[in-house]
Amino acid sequence: MSQSAVAEIPLQPGQPRRFLMPETQTAMLFLLPSFLGFMIFMALPILASLALSFTNWQLISTPSFVGFQNYIKLFTVDPAFYTILRNTLFFAVEYLALNIAVSLTLAVWISSLKRGKAIFRVIFFLPTFTPTIAASVVWLLIFTPDGLADAVIRALGLGLPNFLLNPTWAMQAIILVTLWANVGYNVVMFNAALDLVPKHYLEAATIDGANAWQQFWRIRLPLISPTVFFATVMTAITSLQVFDEIFAMTRGGPGSATATLGFAIYQKGFTNFQMGYASALAWVMFVMIMALTILQFHMQRKWVHYDD
Amino acid sequence: MTTNPTSRHPHSVSADRKRILRRVGTFMSYAGISLVALLFLFPFFWMVSNAVRSNAEVMAVPVHILPEEYQWGTFVDAFVSLPFGTFLLNSIIVACGVTAIVVAVSCLSAYAFARLRFPGREGLLLTYLSTLMIPQVMLVIPLFLLVSKLGWINTYHGMILPVAFSSFGTFLLRQFILGIPKDLDEAAMMDGASRLRILVTVIVPLAMPAIGLLSLFTFIAQWKSFLWPLIATSGVEKATLPLGLTLFQTQQGTSWNYIMAGATISMLPGVILAIVMQRIIYKGISVGSGFGGR
């Protein structure tokens with residue numbers, strides 16, 4: 001479209017051919033702030049990050065080019081790397097599955113109500129508008145040894161250990177907090193999509209004798225599947241980057257039970273000042289995000305229905 | 001509800017029964033979701049409930065749901081004994097600063113993409129869109145190096161500028177401007193208005209719903225932001241509220257009641273905005289799901 005757009009403006013005969021039309025000049029002027037910001041704070045850092053990942057830079061020394069050594073070290077020498085990778089994937093998979101299941105359930109539930117939809121939407125949305133660190137600090141108090149969570153576990157006779165002190169359960173606590181803090185966004189989005197499903201589809205299905213369960217799987221879910229797809233992609237992208245909750249609640253511990261990629265990048269870069277190594281980790285994360293997104297776009301043909 | 005004696009035959013009884021069952025079902029549905037909602041709200045309650053206790057009572061075993069003694073003075077004490085006022089001010093300056101820049105820059109670029117013709121427009125737009133995929137932690141290391149080279153560590157501009165150029169706003173506003181009739185621009189152009197004047201006097205007022213939504217989401221994202229303030233500052237002088245909450249855990253021992261008071265303060269703007277703007281948020285999110293990006 002744009003290529004032909006320029007040619008559409010007829011040039012007066014005899015008028016000198018100007019490279020920049022007035023409209024182009026205006027456009028350049030209007031785009032200048034965002035373009036400068038984009039170049040300085042986005043494009044340049046990305047290139048720098050890639051370059052850094054091929055160096056051995058500890059901030060005090062001068063950077064030296066080491067080729068793929070950081071990446072080789074990651075995959076072959078560093079014993080922590082596979083733990084971090086496993087933690088990250090474990091978190092992302094469980095969190096994503098729970099987030100979509102819980103947000104869909106709540107959204108369907110809310111959309112079935114005749115009154116008070118807005119109130120429930122706001123309640124489930126409240127945590128998404130509160131700083132994750134503040135939320136994490138509150139949950140840290142809940143999970144503190146002999147705190148509320150321990151009291152509840154004891155009262156119910158569940159026989160579970162303190163979550164944050166236990167390597168197996170610490171990640172479950174992080175997932176619970178992240179779910180509480182973020183599920184509201186998808187609840188509101190799914191609820192909006194469900195409310196847009198034409199009423200007569202459901203009425204027709206009711207006449208045909210479809211029960212609520214069948215109506216959900218056969219009509220409502222396929223109709224909102226583009227929204228579910230979008231939410232799944234966005235939630236997966238953000239879940240691979242989880243950081244705030246881990247920093248505030250466990251700092252990767254106990255041991256390295258909750259050390260994820262996001263946390264490891266911070267730790268390597270800003271605690272150990274291994275900028276090159278941390279940059280290589282960041283590129284591993286980027287590749288994971290790209291791969292997961294491509295995979296999801298590939299799989300969407302199987303389950304996402306677009307209205308044509 | 002009243003049973004008519006003349007209609008006392010099996011069919012009507014089952015109809016009555018169905019109606020009763022439906023009522024019971026509705027009641028159960030409301031009771032169930034109210035319970036889930038209360039559980040969801042519980043951490044907020046726990047936060048406030050512990051903010052108004054003495055620190056000894058916060059740590060006391062067994063746990064009490066309600067404070068034995070309400071100490072509302074904690075909120076004042078937290079401001080007096082810890083620099084919460086500074087954190088609050090820093091949070092406000094950074095969040096408002098980023099929001100102002102994002103809105104101004106996005107209006108300009110969105111107008112250019114929606115209304116102006118120039119070579120390479122679609123390509124540039126696509127490049128902008130692709131930046132939404134870049135994870136923040138990837139930029140954080142080089143941005144830290146850039147900001148420290150410039151001597152911007154512990155400055156407001158160091159905290160604001162590197163995060164004030166998101167292409168999300170450009171897309172949101174571009175989509176909205178595309179929906180505004182072009183005739184309005186052309187009429188203004190006939191009157192001899194410049195493009196900038198058209199943007200400011202014609203487009204911006206009409207795009208207010210989208211600009212409001214962008215401002216809201218940008219402000220909240222910055223209010224919540226933790227990683228960049230953590231890296232772009234050192235010490236308490238320029239710390240924002242989320243950062244302040246983590247500083248106290250380590251530096252002062254743990255005065256849980258003060259931390260809970262600080263957490264309450266840091267949550268208030270979001271809670272108020274979420275309640276007041278719920279209609280706009282609901283609409284905005286349902287629109288936002290259409291073209292990708294938060």
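Odds and ends about this structure:
- Identification of helices (runs of 4 or more DSSP H) wholly contained in the stretch B:61-142 with 2 or more residues that are in contact with a Gly (Cβ under 9 Å, 6 or more places away or on another chain) yields B:74-81, B:84-115.
Rundown of residues vs (1) modelled with pLDDT of 95 or more; (2) hydrophobic (A, V, I, L, M, F, W, C); (3) under 30 Å from B:P269 (Cα atoms), yes/no style:
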| position | (1), (2), (3) |
| --- | --- |
| A:K114 | no, no, yes |
| A:V122 | yes, yes, yes |
| A:A134 | yes, yes, yes |
| A:L158 | no, yes, no |
| A:P161 | no, no, no |
| A:W169 | yes, yes, no |
| A:M189 | no, yes, yes |
| A:L202 | no, yes, no |
| A:T206 | no, no, no |
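- The C-beta contact set for the stretch A:208-225 (first residue touching a residue at least 12 places away in the same chain (Cβ under 8 Å), second residue aromatic (F, W, Y) and outside any helix (DSSP H, G or I), distance under 9 angstrom, 6+ apart or interchain) comprises A:S225/A:Y306.
- Hey, B:M277 at pLDDT 90 or above, within 15 Å of the chain's Cα centre (by Cα) and closer than 28 Å to B:Y70 by Cα or not: no
- A:A27 closer than 19 Å to B:R197 by Cα, touching a helix residue (DSSP H, G or I) at 6+ places or on another chain (Cβ under 7 Å) and either more than 8 Å from chain B (Cβ to nearest Cβ) or not hydroxyl-bearing (S, T, Y) (or both): yes
- Comparison of A:A282, A:A236, A:A257, A:A291 shows that the only residue that is at the interface with another protein chain (Cβ under 10 Å from one of its Cβ atoms) and either farther than 18 Å from A:A97 by Cβ or surrounded by 19 or more Cβ atoms within 10 Å (Cβ to Cβ) (or both) is A:A282.
- Just one of the listed residues (A:A107, A:A134) is in contact with a Phe, Trp or Tyr (Cβ under 7 Å, 6 or more places away or on another chain) and either aliphatic (A, V, I, L, M) or surrounded by fewer than 21 Cβ atoms within 10 Å (Cβ to Cβ) (or both), and it is A:A107.
- Those residues of the stretch A:240-271 which are part of a loop (DSSP other than H, G, I, E, B) and in contact (Cβ under 8 Å) with a residue 60 or more places away in the chain, in sequence order: A:L240, A:V242, A:T250, A:G253, A:P254, A:G255, A:S256, A:A257, A:T258, A:A259, A:T260
- Scanning the stretch B:92-137 for residues that are within 7 Å of chain A (Cβ to nearest Cβ), in contact (Cβ under 8 Å) with a residue 24 or more places away in the chain and β-branched (V, I, T) returns B:V105, B:T131, B:V137.
- Some residue of the stretch B:10-30 being in a helix (DSSP H, G or I), under 31 Å from the mean Cα position of the chain (by Cα) and of a type in the set (A, V, I, L, M, F, W, C): no
- Matching residues in the stretch A:110-126 - criterion: being of a type in the set (D, E, K, R) and either at positive phi or surrounded by fewer than 22 Cβ atoms within 10 Å (Cβ to Cβ) (or both): A:K114, A:R115, A:K117
The values are calculated or read from the model by the stated rules, or taken from the named source; none is laboratory data. The shown structure was predicted, so the numbers you read here are calculated from the model rather than taken from an experiment. All Cβ positions, even for glycine, are placed from backbone atoms using ideal geometry, and neighbour counts span all protein chains on display.
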